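Working notes, structure below.
The values are calculated or read from the model by the stated rules, or taken from the named source; none is laboratory data. All figures in this text were calculated on a predicted structure; none of them were measured in a lab. Glycine also receives a Cβ, built like all others from the backbone with ideal geometry; neighbour counts cover every protein chain displayed. Heavy atoms of the whole protein, side chains included, go into the accessibility calculation; ligands, DNA and RNA do not. Shrake-Rupley method; radii C 1.70, N 1.55, O 1.52, S 1.80 Å.
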Amino acid sequence: MSGDYLFNAWYAAAACTDVAPGPTARTLLEQRLVLFRTEAGQVAALRDRCPHRFAPLSQGPVHGDTLACPYHGMRFGADGRCTRIPGQDRIPDAARVDAFPVIEAYGLVFVWMGDPALADPAALTAIAPYGQPGWGVSRGYDLFQACWQNIADNLIDPAHTSFVHQRTIGNDAGDDVRVTATEEGDVIRCGRWVDNAPPVPVVRRYTGLQGLVDRWQFYHYRLPGTTWVDFGAFEAGRPHTPEEQDRAPYRVLSYAFLTPCTRDSTHYFSLQLRNFAADDEATTREFEALYKLTFDEDKVLLEAIQREENAHPDLTPMRIASDTGVVRLRRRLAECLAAERAHAERPHTHTG
Ligand code: FES
Ligand SMILES: [Fe+2]
């Protein structure tokens with residue numbers, strides 16, 4: 001199961017700041033790509049394989065708007081076409097590499113891994129508060145030695161925070177509170193309110209709230225790899241309305257973008273938006289450290305699970321009540337995989 005990928009989607013491939021000046025090699029969905037930035041500032045994503053004798057283009061230099069092969073100097077533009085073959089005037093049509101559609105957003109480079117004709121910037125998940133006044137941003141990246149589907153399970157699973165993340169975003173108060181899951185369009189939402197509870201460590205740290213609070217945590221998943229957790233707290237007893245949530249002294253929207261690297265390793269890009277201390281660099285650094293600590297707690301578990309699954313490929317997980325989001329996610333994934341395969345197999349007719 002772990003090698004099942006949805007291809008027609010935007011996948012986070014790199015931080016924008018990673019892509020200049022030289023080329024960057026990245027494996028996405030078991031395919032080796034090279035990213036580079038042209039002189040004009042555009043990010044290009046090409047298959048990392050010269051069509052001549054298959055040298056890795058990522059080891060070559062960028063020349064203007066082209067990337068040169070390190071072996072015999074053939075040059076390729078952002079569209080994958082060869083622009084120069086040293087020692088020869090004619091450039092045959094076969095002198096090209098696959099080029100993948102690219103967009104930059106939210107400080108990340110996203111690559112479309114499927115049919116280029118279907119690449120639509122509108123398919124990228126919109127993050128409304130990003131760049132808005134009052135919202136601070138912190139970021140992270142790590143490579144998990146775990147298959148993307150198991151990480152996806154973790155990101156639609158609020159129940160684990162009470163046990164795994166006691167140092168940061170969880171405490172004992174939530175461990176028996178039921179989670180509920182709903183589906184709205186292509187987003188699965190799974191979460192709960194934990195009422196009349198002592199504030200978890202991060203809320204105490206950044207708000208000074210000492211008394212009891214009502215805290216919400218809603219996990220959202222949009223296949224294949226876009227996830228966000230809406231997490232916040234206010235004084236216990238206030239109405240649970242969107243207006244009160246907007247006014248809460250602590251609210252964090254924590255995004256994670258999962259991109260399969262290989263069958264059992266995954267790029268994990270993260271982005272946290274917070275509604276306080278928006279422009280404070282020290283808070284940004286603290287948040288980056290805090291979320292690294294939190295994700296490392298998941299990573300240790302997920303990598304141990306992966307080793308166990310690799311050793312025993314026939315294991316089937318049992319299900320418990322708090323898996324309601326996981327069950328929906330796996331069902332939805334199976335439907336999406338079937339739909340994508342059916343589309344790929346359908347004969348395409350061209351008219352006009
Ligand atoms: S292998 Fe790339 S130019 Fe020869
Ligand atoms: Fe977690």
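Every test in (1) away from ligand 2 (no atom under 15 Å from the Cβ); (2) closer than 16 Å to THR227 by Cβ is passed by ILE151 save one, and that test is (1). Within segment 132-155, restricting attention to residues that are closer than 17 Å to LEU273 by Cα and of a type in the set (Phe, Trp, Tyr), the residue that is least open to solvent (accessible area, probe 1.4 Å) is TRP135. Restricting segment 40-71 to residues that are free of Cβ contacts under 8 Å to residues at least 24 places away in the same chain and either charged (D, E, K, R) or under 14 Å from PHE110 (Cα atoms) (or both), the residue that is least open to solvent (accessible area, probe 1.4 Å) is ASP48.
Exactly one residue among PRO129, PRO116, PRO101, PRO158 is open to solvent by less than 70 Å² (accessible area, probe 1.4 Å), within 17 Å of LEU28 (Cα to Cα) and not hydrophobic (A, V, I, L, M, F, W, C), and that residue is PRO101. Checking ARG37, ARG81 one by one, the residue that is away from ligand 1 (no atom under 15 Å from the Cβ), free of Cβ contacts under 8 Å to residues at least 40 places away in the same chain and either in the same structural domain as PRO23 (by TED's automatic domain parsing) or surrounded by fewer than 21 Cβ atoms within 10 Å (Cβ to Cβ) (or both) is ARG37 and no other.
For every residue, the table says whether it meets (1) away from ligand 1 (no atom under 16 Å from the Cβ); (2) assigned by TED's automatic domain parsing to the domain that holds LEU293.
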residue	(1), (2)
ARG75	no, no
ILE85	no, no
ARG90	no, no
PRO129	yes, no
CYS147	yes, yes
ASN154	yes, yes
